[in-house]
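Data first, discussion second: the structure below is written as structure tokens.
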Amino acid sequence: MIFDQKLEHHIIAGLLKRPNEYLTIQSFFSEQDFYTGKKNDSILCKTVFGLIRQAVEKGEGDTVDATIIAQRAESLGINFDEEIPVGQFIVSLSLRNIEEGAVYKAALELKKLSARRTIQASLERAIEKLEKADRSASLVDLQDIVDKEVNSQINLFDGTDDAPVNIYDDMEAVVESTGIEQKEEIFGKFSLVNKIYGSLHEPGNITTIIARSAGGKTTLALDECCYINDKYEIPVLHFDNGEMSKEELQFRRISSMSGVPHYLIKKGLWRNNPETCAKVRAAIKRIKELGSKFYYHCMAGMNADEMIAVAKKFYYSKVGRGNRMIISFDYIKPPEQNVNGSPEWQVLGELVNRLKKFIQKEILFEGKPMISLFTSAQANRSGVVTNKSKDKIIDDESIISGADRIIHYSSHVFILRKKVMEEILEEGAEFGTHKLIRVKARHLGEDIAGDLEPVKDGDQLRQNFICLSFENFAIRECGDLRNIVAKRGHTLEKSHSNEPTSF
């Protein structure tokens, strides 16, 4: 039989030393990958692995040690061939010197052996059925036996069930359940965005904001995700690429909530004035009352799998199985060291694809995703608006670095940019400082026309956009292009009505 006792012991030893490393192999490895033949120590390894998995998924990974696992295993009454007791054997494994990250490598190797055993078993079943097949069976019938028994195992290593399914099989149950449950939809801060585009925080979905450097990506993400956190009590895990420290986010958040200028908070000058002092402390009190949960993690230098391992550990330890969570990722960019030498667009695509697979397939409850991702990406140089007239500004997907892959995996994609002075003068200062322009919307809200129907602006038909005002790291929605055109028409009509009548 195909198995490796030493490799199985190696995985258990590593997990006993660092239980949370289970999160790095969770997506492809399970108890079924341990050999369960006549070797009782393999059955023991399978059992211990299951105990560690249960502990980590309950958020106990940081507190469970080898002694506790040994006690739980002994309570199950497992028989063991060796002369030493079960508990003593488990503790002895935990004393081995296993390097960090070794569990992942060992699990990959053991998965190959597990796949071989499964394929071997399917071949044996196919041989048995071929031997029993009627002599009148056609070549097609014989091939069908092989296909059903052997080729059905091709997705073993992926660890997911990717077999095609008939969408009509459970359609009635799914549709009826929506009418019964009628779960509250999670909407963000901006009511017009919600009305036109629906929720930007559907579990399993990615929303991406495209902007130039210092264009407001972080401010928008912080304002939007903190609103969700405060209103719905949904924890937020903020991944930062190393460009924004925890303290900088703290200062920005207090500034936006208190209305006190950022520089006063950063320099500590807020305490010199009774009014600003009262505002800052009121904002801090408000945050404590809300019980806000916005977690910061610097992921500079991490690859996608390392980020996901952190997110899994956070989800099970801080959020809990079956609960919603939002990942705020600032921002999508290729790693500083591209070891494979792949093109930048390909590296970006692989990163977003991995994150999409994680939130859509790896953290599920009753078969449904629990995590949404709110992220951003850098616009290329064609997205620069400085010293440009409004007619020369490009507001389409061509400004997105790695556009095709990012757009493909995202559910919503928006361009965020500052208005040039010409636009502010033409549209009116009351319509804010920035534009939010839709590039892609996989689903829409109740005001479908707000996205699909072009807006007639004089002799032109233009795509609608949302107006935002950035004020001291707080953002306010200021209507859309339809409001601008309506106001312009109203002003023109009023101007005409005041003109003297000619005879």
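None of the figures in this text is laboratory data; all of them are computed from the coordinates on show. Keep in mind the model is a prediction, meaning the values are calculated, not measured. Quick reminder, even Gly has a Cβ in these numbers, built from the backbone with ideal geometry, and neighbours come from all protein chains shown.
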Can you give me the distance in nm between label points at residue 165 and residue 227, each placed 7 Å from the Cα along the Cα-to-Cβ direction? 3.4
Computed on alpha carbon atoms, what radius of gyration and Dmax characterise the stretch 293-389, expressed in Å? 15.9, 53
Summing +1 for each Lys or Arg and -1 for each Asp or Glu, what net charge is found among the other residues whose Cβ lies under 10 Å from the Cβ of residue 21? +2
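To the nearest 0.05, what FRET efficiency results for residue 99 and residue 389 with a Förster distance of 60 Å applied to their C-beta separation? Before the final figure, lay out each step's value.
Working: r = 59 Å, r/R0 = 0.99.
Between residue 99 and residue 389 the formula returns 0.50.
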Roughly what % antiparallel, to the nearest 5, for the DSSP beta bridges in the chain? 45
Under 16 Å from the residue 424 label point (7 Å along Cα→beta-carbon), backbone N, the stretch 375-396: 385-390
In Å and from the alpha-carbon atoms only, list the Rg and Dmax of the stretch 368-427. 14.5, 48
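Tally Lys/Arg at +1 and Asp/Glu at -1 over every other residue whose Cβ is under 15 Å from the Cβ of residue 142; what's the total?
Numbers: positive: 125, 129, 132, 135, 148; negative: 128, 131, 134, 141, 144, 147, 149.
Charge balance near residue 142 sits at -2.
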Need one number: nm distance between label points at residue 108 and residue 121, each 7 Å from Cα along Cα→Cβ, rounded to one decimal. 2.5
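Can you tell me the FRET efficiency between residue 131 and residue 357 if r is taken as the Cβ-Cβ distance and R0 is 35 Å, rounded to the nearest 0.05? Kindly include the intermediate steps, with their values, before the conclusion.
On the way: r = 41 Å, r/R0 = 1.17.
The calculated FRET efficiency here is 0.30.
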Cys with no candidate disulfide partner in the chain (beta-carbon separation under 4.7 Å rule): 45, 225, 226, 277, 298
Could you give me the ³J(HN,Hα) list for the stretch 202-217, computed from phi with Karplus coefficients 6.51, -1.76, 1.60 and θ = phi - 60°, whole Hz, x at Gly and Pro? 5, x, x, 10, 10, 10, 10, 9, 9, 7, 6, 4, 6, x, x, 4
Helix-only [θ]222 nm of the chain, DSSP H runs n ≥ 4, -39500 (n - 2.57) each, per residue, nearest 500: -13500 deg cm²/dmol
Quick one: 3J(HN,Hα) in Hz for the stretch 97-108, Karplus 6.51/-1.76/1.60 with θ = phi - 60°, rounded, Gly and Pro as x. 8, 10, 5, 5, x, 5, 4, 4, 5, 5, 5, 4
Out of 465, 273, 327 - ranked by how far each Cα lies towards the positive end of the dipole of the chain, with unit charges on the beta-carbon of charged residues - the top one is 273
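Please work out how much length the chain gains when fully extended from residue 248 to residue 262, using 0.36 nm per residue of separation minus the C-alpha to C-alpha distance, in nm with one decimal. Please list the in-between numbers first.
Working: separation 14, 0.36 × 14 = 5.04 nm, distance 0.98 nm.
Once the chain is fully extended between residue 248 and residue 262, it gains 4.1 nm.
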At q = 0.15, 0.24 Å⁻¹, what is the log10 ratio I(q)/I(0) for the stretch 195-274, with the Debye formula run over Cα points and no solvent? -0.67, -1.34
In the neighbourhood of residue 343 defined by beta carbon distances under 12 Å, the net charge of the other residues (Lys, Arg +1; Asp, Glu -1) is -2
Going by amide H atoms built from the backbone, whose H comes under 5 Å of the H on residue 479, apart from near neighbours? 467
Expressed in nanometres to one decimal, the distance between label points 7 Å along Cα→Cβ at residue 75 and residue 288 is 3.9
